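This report concerns only the one structure given below.
The values are calculated or read from the model by the stated rules, or taken from the named source; none is laboratory data. Worth saying up front: this structure is predicted, and the values here are computed from it rather than measured. Cβ: placed from backbone, ideal geometry, glycine included. Neighbour counts: every protein chain shown.
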Amino acid sequence: MNPNTAAVLIADVVKSSAHEELRRLLGVGMAEASRAHLKRKWIRLPYSVTAGDEFQTISISPNNIPEVILDLRVRMQPLQLRIGVGFGPAPRRIQPPVNRLAGQPFVFARAALDNLKRKNDYKFEVLTSFRSKNRVFDSTANLIYGLHDTLLLRITSKQWENIKAFRTRRRLDAAAKDLHVDASTVWRNLRRGHFWQLEETIPGMRTLIRASDL
């Protein structure tokens, strides 16, 4: 992977008109995600609204994108996101606000998101799309996340609650204490919510990104 490659993420809310408190939920979720992701050095700039229910950022390293995607989906619950990711040369100057930056990764991210809005390359619902100059990478990454999203779409609100608690605490007993349930209940909800499969996507995608000409 070229060290100058940047990854741009653009997301929007699925069926946003159905959420009466959309603005509040989106604002709180973006602020929380910005603080956490900047602290972990996953993104270069805070998340910024581009229009309506849509927001974007640019990552410090494309390797961070799989972790960013999952963490965003957890933090933004109950909002369901469509996410388009584009890879390309980083802009020469990266300064806020991110919605005023431009370049190939932004164009690719927009194309990826638009593909999700209008149609997708599969005969099933998909929430994540990747676009780069490398068609082999795109095909592989989009297939991985096509299968990933099939599991994601089956997760219930209760299972999301358990996933968030466990990702925050990283211990079954601590998550169970926060949720006022026993550890076996948390384990069962993580398993039924396909949590382990979702997390295993992260190292697999990182390997693919590092090995690809982006």
Checklist entry - Checking Gln159 against (1) closer than 17 Å to Pro62 by Cα; (2) free of Cβ contacts under 8 Å to residues at least 60 places away in the same chain, which single condition isn't satisfied? => result (1)
Checklist outcome for this item: Condition set of a type outside the set (Phe, Trp, Tyr) and touching a helix residue (DSSP H, G or I) at 6+ places or on another chain (Cβ under 6 Å), scope the stretch 144-166, selection surrounded by the most Cβ atoms within 10 Å (Cβ to Cβ): answer is Asn162
Item to check | Filter result for Asp213 (among the acidic types (Asp, Glu), under 30 Å from Ala6 (Cα atoms) and loosely packed, with under 15 Cβ neighbours inside 10 Å) | outcome: yes
Item to check | Out of Leu72, Leu79, sole residue that is buried (at least 20 other Cβ atoms within 10 Å of the Cβ), under 13 Å from the mean Cα position of the chain (by Cα), at pLDDT below 95 and not β-branched (Val, Ile, Thr) | outcome: Leu79
Item to check | Asp138 vs. criteria outside any loop (DSSP other than H, G, I, E, B) and more than 15 Å from the chain's Cα centre (by Cα) | outcome: yes
Checklist outcome for this item: Note on the stretch 21-53: residues out of contact with any strand residue (DSSP E or B) (no Cβ under 8 Å at 6 or more places or on another chain) and of a type in the set (A, V, I, L, M) are Leu25, Val28, Ala31, Ala33, Ala36, Leu38, Ala51
Item to check | Pairs with Cβ under 6 Å, 6+ apart, first in the stretch 22-44 and over 17 Å from Val8 (Cα atoms), second assigned to a helix (DSSP H, G or I) | outcome: Leu22/Ser16; Gly29/Arg75; Glu32/Arg75
Next on the checklist: I need a count of the residues in the stretch 1-47 that are modelled with pLDDT of 90 or more, of a type outside the set (A, V, I, L, M, F, W, C), surrounded by fewer than 18 Cβ atoms within 10 Å (Cβ to Cβ) and in contact with a helix residue (DSSP H, G or I) (Cβ under 9 Å, 6 or more places away or on another chain).
Outcome noted: 4
Checklist outcome for this item: Scanning the stretch 110-143 for residues that are touching a residue at least 60 places away in the same chain (Cβ under 8 Å), closer than 18 Å to Asn2 by Cα and surrounded by 13 or more Cβ atoms within 10 Å (Cβ to Cβ) gives Ser132, Lys133, Asn134, Phe137, Ala141
Next on the checklist: For the stretch 167-214, which positions are part of a loop (DSSP other than H, G, I, E, B) and touching a helix residue (DSSP H, G or I) at 6+ places or on another chain (Cβ under 8 Å)?
Outcome noted: Asp182, Gly193, His194, Ser212, Asp213, Leu214
Next on the checklist: Please go through the stretch 167-193 and give me each residue that is closer than 18 Å to Met76 by Cα, in contact (Cβ under 8 Å) with a residue 12 or more places away in the chain and surrounded by fewer than 18 Cβ atoms within 10 Å (Cβ to Cβ), ordered by number.
Outcome noted: Arg167
Checklist entry - Is it the case that some residue within the stretch 82-99 is in contact with a Pro (Cβ under 9 Å, 6 or more places away or on another chain), within 18 Å of Glu67 (Cβ to Cβ), small (Gly, Ala, Ser) and buried (at least 18 other Cβ atoms within 10 Å of the Cβ)? => result yes
Checklist outcome for this item: Taking the stretch 141-158 and keeping residues in a helix (DSSP H, G or I) and over 14 Å from Arg82 (Cα atoms) leaves Ala141, Leu143, Ile144, Leu147, Leu151, Ser157, Lys158
